[in-house]
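K.L.:
Let me begin by handing over the structure; questions about it come next.
The values are calculated or read from the model by the stated rules, or taken from the named source; none is laboratory data. Values in this document were obtained by computation on a predicted structure and should not be read as measured data. Ideal geometry is used to build each Cβ from the backbone, glycine not excepted, and the neighbour counts take in all protein chains shown. All accessible areas refer to the heavy atoms of the entire protein, side chains included, with ligands and DNA or RNA removed. Shrake-Rupley method; radii C 1.70, N 1.55, O 1.52, S 1.80 Å.
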Amino acid sequence: MTKKWSHAQWTFEPVGPMGGATGNAFANVLQAAGIKPEDELAREAIQNSCDAARQGERRVRVVFRIVTLEGQRKEQFLEALSLRTGIGPRVGSVSLAPDNCLAQPERPLHLLFVEDYRTVGLNGSPNDRRSHFHRLLLSVGDSTKAFAPGGSGGSYGYGKSALSLNSRLRTIVAYTAFDSDDTGATARLMGCAYLEAHEFKGQHWTGRGWFGVRQQGPQLVVDPLRDDAAHALAERLGFRGRRRGAHGTSILIVDSHVHDPQRLLRGIEEWWWPRLLDQELEVVVEHGGAEFFPQPKQRADLLPFIECYSLALGRAQAAGPHQKSDSFQRLRGLALGAYGFQVLPDHLLQDFPEEKLGRIALIRSPKMVVEYAEMGKAAPPTVGVFVAAPEIDDILKLSEPPNHDRWDPESRRLEVAKPDEETARLVVRQLRQRLKDHMRRFQAQASPPIPREKRRLRLLERELGALFRPQLWGDAPEGLTDLVDTRFREAPAFRACCDASIQTFSTVAPRLRFDAEEDSTETTGRLRVHVFDGLGPSA
């Protein structure tokens with residue numbers, strides 16, 4: 001019996017006389033973004049799925065499935081996707097991870113499936129640049145999504161960058177099912193390789209390659225497998241079948257770098273906790289027969305942001321002067337949004353990362369954290385959340401770079417923003433400045449939360465505090481005050497030693513005062529220890 005996909009093969013694109021985009025152009029978009037690959041994968045893959053939600057569907061489901069193949073199962077997969085014959089000969093001509101599955105045949109093959117449900121799938125003719133299929137797999141930098149209604153992510157095509165970056169072979173396979181489109185198809189499958197430009201067999205190639213059926217003719221056109229042929233090969237490759245109305249898209253990352261479910265879960269929690277908490281997103285990571293679910297409320301470094309989110313949305317009221325929520329005044333008739341701030345209580349500081357202090361989680365309609373933006377100072381220890389108003393969502397969308405990691409008032413895309421470029425740039429610039437001003441004013445005025453326990457060893461506090469007090473030689477200049485605050489990370493305590501002596505210990509964190517004009521200072525530490533005996537203290 002002839003296999004339904006037997007005519008599929010890998011076809012690579014030669015460099016034409018006018019050049020063109022290389023395969024590396026797709027990966028280079030995100031390589032310098034400064035975000036860990038698994039975090040970028042969580043951000044982009046889930047955003048693509050949320051943007052493809054069925055009309056009226058509030059909750060999208062995304063499954064990350066980690067599979068490891070060895071021995072015969074690995075060989076069967078490589079044969080089904082023609083990797084040894086299609087990509088294998090080019091491995092020596094391109095720069096790939098040295099431990100890829102073709103260069104090291106004895107190594108296990110890690111696959112990562114990203115499957116979404118309650119979505120529409122990639123319908124439309126693959127050769128039509130306006131179709132979802134073409135935009136996801138074949139185009140790069142298509143900004144039409146930025147003008148689409150409904151709070152979409154930003155740009156078509158960049159999701160492939162995050163997906164391919166997580167492949168040691170820079171290769172993915174897309175399998176999708178949908179309502180019958182204008183071509184009559186209901187399912188498609190295509191493999192895509194995004195390698196660097198290279199020379200092979202005396203010819204120059206862009207690095208872009210496709211696994212499908214090549215059309216006859218002078219132009220290079222590769223069609224995806226469709227319908228029964230797509231379903232049959234998908235099941236052969238390990239995809240979950242979509243034959244009976246299971247509309248949506250599944251992406252297979254071949255030879256994936258990601259095979260630790262916990263690292264992937266942390267990336268999902270880090271950026272998608274707002275949508276998870278609002279029950280507009282369901283995510284599960286499957287590995288080794290077990291299911292793992294994101295739990296952002298169990299993260300000590302996210303819980304304060306979650307509390308600020310409730311403050312910003314009006315779901316909770318400030319519990320004291322250590323918390324605040326408010327909305328910004330309109331700017332040129334446009335609502336900007338609302339924020340929530342809080343000073344962290346001492347019992348949360350021990351497990352809270354210092355690099356997140358003074359930061360505000362920026363959120364707009366997709367409910368992904370765009371950035372933990374540095375707006376305040378590290379002391380007093382403060383965090384915040386800003387939720388943008390729907391009225392400026394399109395402006396903020398255009399201000400984001402391809403990897404959606406900040407709101408940039410200098411973005412070139414704001415030239416086409418509505419109502420006009422000047423207003424759009426002013427909105428982004430003023431928004432960032434107001435957030436910075438309001439957070440620093442809050443830090444200057446806020447009172448710390450009441451500690452759970454008020455036990456204090458004042459003498460030890462005073463002596464340890466002197467550790468980081470600036471040393472003044474001679475007369476102190478008029479108006480000079482201490483620039484450094486010292487906070488306890490661990491309360492002073494004592495313990496008995498085996499030689500009948502006693503040790504006193506504590507953990508302190510020195511920081512610049514919140515009202516210090518300097519960003520840094522040099523200090524000289526000096527420790528004085530008082531010893532108490534029956535006659536009184538002595539140093």
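K.L.:
What's the number of the only condition in (1) at pLDDT 90 or above; (2) more than 30 Å from Gln298 (Cβ to Cβ); (3) open to solvent by 10 Å² or more (accessible area, probe 1.4 Å) that Arg275 fails to meet?
P.N.:
Status for Arg275: all satisfied but (2).
K.L.:
Counting only residues that are of a type in the set (A, V, I, L, M) and crowded, with 23+ Cβ neighbours inside 10 Å, which one in region 252-264 is farthest from the chain's Cα centre (by Cα)?
P.N.:
Across region 252-264, the extreme among qualifying residues is Val254.
K.L.:
Can you pull out every residue in region 333-351 that is open to solvent by 40 Å² or more (accessible area, probe 1.4 Å) and either under 14 Å from Leu302 (Cα atoms) or touching a Leu at 6+ places or on another chain (Cβ under 7 Å) (or both)?
P.N.:
Selection gives Gln350, Asp351.
K.L.:
Name the pairs: first residue in region 172-184 and free of Cβ contacts under 8 Å to residues at least 40 places away in the same chain and part of a loop (DSSP other than H, G, I, E, B), second residue open to solvent by 10 Å² or more (accessible area, probe 1.4 Å) and among the hydroxyl-bearing types (Ser, Thr, Tyr), Cβ to Cβ under 6 Å, at least 6 apart or on different chains?
P.N.:
Hits for this filter: Ser180/Thr186.
K.L.:
May I ask you to list pairs of residues, at least six apart or on different chains, whose Cβ atoms are under 7 Å apart, with the first in region 48-63 being under 12 Å from Glu280 (Cβ atoms) and open to solvent by 40 Å² or more (accessible area, probe 1.4 Å) and the second being modelled with pLDDT of 90 or more and in a loop (DSSP other than H, G, I, E, B)?
P.N.:
So the pair list comes out as Glu57/Arg118; Arg58/Glu280; Arg59/Arg118; Arg59/Gln279; Arg59/Glu280; Arg61/Arg118.
K.L.:
Just give me the residues in region 261-310 being under 18 Å from Gly340 (Cβ atoms) and β-branched (Val, Ile, Thr), in sequence order.
P.N.:
Correct list: Ile306 only.
K.L.:
Moving on to the next point. Could you run through region 106-126 and say how many residues are open to solvent by 40 Å² or more (accessible area, probe 1.4 Å) and either at pLDDT below 90 or farther than 30 Å from Glu79 by Cβ (or both)?
P.N.:
The qualifying residues number 4.
K.L.:
Checking the conditions here, which among Ala300, Ala290, Ala312, Ala318 is exposed (fewer than 14 other Cβ atoms within 10 Å of the Cβ), of a type in the set (A, V, I, L, M) and under 28 Å from Leu435 (Cβ atoms)?
P.N.:
That would be Ala300, the only listed residue that is exposed (fewer than 14 other Cβ atoms within 10 Å of the Cβ), of a type in the set (A, V, I, L, M) and under 28 Å from Leu435 (Cβ atoms).
K.L.:
On to the next question. Residue check: is Glu307 touching a strand residue (DSSP E or B) at 6+ places or on another chain (Cβ under 8 Å), of a type in the set (Asp, Glu) and without any contact (Cβ under 8 Å) to a residue 60 or more places away in the chain?
P.N.:
For Glu307, the condition - touching a strand residue (DSSP E or B) at 6+ places or on another chain (Cβ under 8 Å), of a type in the set (Asp, Glu) and without any contact (Cβ under 8 Å) to a residue 60 or more places away in the chain - is met.
K.L.:
Residues in region 127-170 that are in a loop (DSSP other than H, G, I, E, B), surrounded by 23 or more Cβ atoms within 10 Å (Cβ to Cβ), modelled with pLDDT under 85 and touching a Phe, Trp or Tyr at 6+ places or on another chain (Cβ under 9 Å): how many?
P.N.:
Here the count works out to 1.
K.L.:
Would you pick out the residues in region 193-229 that are in a strand (DSSP E or B), closer than 17 Å to Ala174 by Cα and acidic (Asp, Glu)?
P.N.:
Of everything in region 193-229, just one residue is in a strand (DSSP E or B), closer than 17 Å to Ala174 by Cα and acidic (Asp, Glu), namely Asp223.
K.L.:
Any idea how many residues of region 371-387 are within 12 Å of Arg432 (Cβ to Cβ) and crowded, with 22+ Cβ neighbours inside 10 Å?
P.N.:
Adding up the residues that qualify gives 2.
K.L.:
Right, something else. State whether one or more residues within region 55-62 are closer than 20 Å to Asp255 by Cβ and modelled with pLDDT of 95 or more.
P.N.:
Within region 55-62, none of the residues are closer than 20 Å to Asp255 by Cβ and modelled with pLDDT of 95 or more.
K.L.:
May I pose another question? Report those strands (runs of 3 or more DSSP E) wholly inside region 281-390 carrying at least 2 residues which are within 28 Å of Glu421 (Cβ to Cβ).
P.N.:
Once the strands (runs of 3 or more DSSP E) in region 281-390 are filtered for at least 2 residues that are within 28 Å of Glu421 (Cβ to Cβ), what remains is 337-343, 359-363, 369-374, 382-388.
K.L.:
Only one of these conditions is not met by Arg43: (1) open to solvent by less than 50 Å² (accessible area, probe 1.4 Å); (2) over 30 Å from Trp272 (Cβ atoms). Which number is it?
P.N.:
With (1) open to solvent by less than 50 Å² (accessible area, probe 1.4 Å); (2) over 30 Å from Trp272 (Cβ atoms) applied to Arg43, the lone miss is (2).
K.L.:
If you check every pair at least six apart or on different chains, which have Cβ atoms under 6 Å apart with a residue in region 335-349 that is hydroxyl-bearing (Ser, Thr, Tyr) first and a residue that is open to solvent by less than 10 Å² (accessible area, probe 1.4 Å) and part of a strand (DSSP E or B) second?
P.N.:
Listed by first residue and then by second, the contacts come to Tyr339/Gly384; Tyr339/Phe386.
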